[in-house]
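Read the structure below first, then the notes.
The values are calculated or read from the model by the stated rules, or taken from the named source; none is laboratory data. All figures in this text were calculated on a predicted structure; none of them were measured in a lab. Glycine gets a Cβ as well: all are built from the backbone with ideal geometry, and neighbour counts include every protein chain shown. Surface areas here come from the heavy atoms of the whole protein model, side chains and all, with no ligands, DNA or RNA. Shrake-Rupley method; radii C 1.70, N 1.55, O 1.52, S 1.80 Å.
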Amino acid sequence: MNVIQPIAAPGKPAAATQGLVDVDIHPRADNIEAFKPFLSERWWEHLQSWGMRARHGFTAGQPPFPKAQPLASRRDAWPPTGGTPASDLDFLRFQLLDNYSIDYGVLNPLQPSGQGDRNNGFSAAMAHAVNEWQLEAWLRKEPRLRGSVVVPYEDPQASAAEIRKRAGDPNFCQVLMMSRTGEPAGNPRYWPIYEAAVEAGLPVAFHAFGYSGWAMTNGGWPSFYIEEVSEHATSCQNQVISLVTEGVFERFPGLKVILIECGFAWLPSVGWRLDKHWRHLKSEVPHLKRAPSEYIREHIWVSTQPMEEPERGQHILDICEWVGWDRILFASDYPHWDFDDPRAAIPGVIPAERRRAIYGGNARALYGF
């Protein structure tokens, strides 16, 4: 359910629930100059001269779909002092953290992040700069916020080094990747990322979107944004299937994976289908010691936004039961236009005790807040 709830009375917070944790907040810098202090002279000059070059079609000029017009944000998210949505800490406190009495919020920087850039060296430098910017502009100033370790995932060794650099820093609570990678996420080339994440005790979050260099459908580039936004689920299906069948969870039994902004009603059917085929094709994947669905239910967490809502309430309960009531995390997607107001995000058919866990208890257990 996507609801934009205006602030009725400035300065008068409206608490949504006790212990609220929001796992998907998107901070954004006012301009690229914000990252200059954290880039070497070489990479700042590179950025000024060549800009960012994502491995993705339709990146030159105007974005291809209306999602990004303007900045994919709610109309009321522009700070009164000027600047872009989610660029002003005081306004983010007022509009989100204080207004909904949020105990903890997880930052997921999307653009610019350096992820998916064609130049791996610049990708690593920019990801490092974004992490330093999170610390300087947000995390050291607001104790309720936690950051994501942005990694240049197409360069797994550099990603592992960045994770180890942040290991032990309580300001960071997860590693951030995207749902569209150059190869399926279970491919051994990405294993150094998972190894470092497990060493650091950090879950790995796959957020919708990304710059893989490939079209998001198996038939090429879509015509409409509704096609792309619906494909987020299939991009994560691909990643889940790859992680399971490549044996990532056997190799790294402590790995925890979060799927953000990809929905989750599809997860049971993926598990059922995998189990059906696995029964007949076990000889191809002898490294799998258990049914694929068991790995999914043990290692995968999901976020609520955008949460599919079947017409029959019992279907929602059945889906959540299969996924695991302790595996569902509340996400607002602030400040984007498909923001979920905490006061209306979770369907009423879900029992109160389960709702409390989704709103905060599950995230606290996962992140150790």
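Worth a mention:
- No other residue among Ser212, Ser223, Ser230 is within 24 Å of Leu107 (Cβ to Cβ) and modelled with pLDDT under 95 apart from Ser212.
- If you go through the stretch 300-335 and keep only what is surrounded by fewer than 23 Cβ atoms within 10 Å (Cβ to Cβ) and over 30 Å from Val248 (Cα atoms), you end up with Glu309, Pro310, Glu311, Arg312, Gly313, Gln314, His315.
- Checking Leu243 against (1) out of contact with any Gly (no Cβ under 6 Å at 6 or more places or on another chain); (2) at pLDDT 90 or above, the condition it does not meet: (1)
- Residue check, Ser283 without any contact (Cβ under 8 Å) to a residue 40 or more places away in the chain, open to solvent by 60 Å² or more (accessible area, probe 1.4 Å) and among the hydroxyl-bearing types (Ser, Thr, Tyr): yes
- Number of residues in the stretch 74-92 that are crowded, with 17+ Cβ neighbours inside 10 Å and either in contact with an Asp or Glu (Cβ under 8 Å, 6 or more places away or on another chain) or part of a helix (DSSP H, G or I) (or both): the value is 5.
- Of all the numbered requirements in (1) open to solvent by less than 10 Å² (accessible area, probe 1.4 Å); (2) assigned to a helix (DSSP H, G or I); (3) touching a Pro at 6+ places or on another chain (Cβ under 9 Å), Ile241 misses one, and that requirement is (1).
- Any hit, the stretch 152-162, residues being touching a strand residue (DSSP E or B) at 6+ places or on another chain (Cβ under 6 Å), in a strand (DSSP E or B) and buried (at least 24 other Cβ atoms within 10 Å of the Cβ): no
- Selection count where residues are among the acidic types (Asp, Glu) and closer than 20 Å to Gln111 by Cα, scope the stretch 136-187: 4
- Residue within the stretch 256-269 that is open to solvent by 10 Å² or more (accessible area, probe 1.4 Å), closer than 24 Å to Ala345 by Cβ and not in a loop (DSSP other than H, G, I, E, B) present: yes
- Test set (1) surrounded by fewer than 16 Cβ atoms within 10 Å (Cβ to Cβ); (2) modelled with pLDDT of 85 or more - Leu110 fails condition number: (1)
- Taken together, the criteria place Ala205 among residues that are surrounded by 16 or more Cβ atoms within 10 Å (Cβ to Cβ), at pLDDT 95 or above and closer than 22 Å to Ala29 by Cα.
- Here Ala215 passes the criteria (1) closer than 25 Å to Asp333 by Cβ; (2) surrounded by 20 or more Cβ atoms within 10 Å (Cβ to Cβ) except the one numbered (2).
- Residue tally, condition open to solvent by 20 Å² or more (accessible area, probe 1.4 Å) and not hydrophobic (A, V, I, L, M, F, W, C), over the stretch 221-230: 4
- None of Arg166, Arg146, Arg180 is within 30 Å of Asn99 (Cα to Cα) and open to solvent by 10 Å² or more (accessible area, probe 1.4 Å) except Arg146.
- Scanning the stretch 336-363 for residues that are in contact (Cβ under 8 Å) with a residue 24 or more places away in the chain and open to solvent by 20 Å² or more (accessible area, probe 1.4 Å) yields His336, Trp337, Arg343, Ala344, Val349, Arg354, Arg355, Arg356, Ala357, Gly361.
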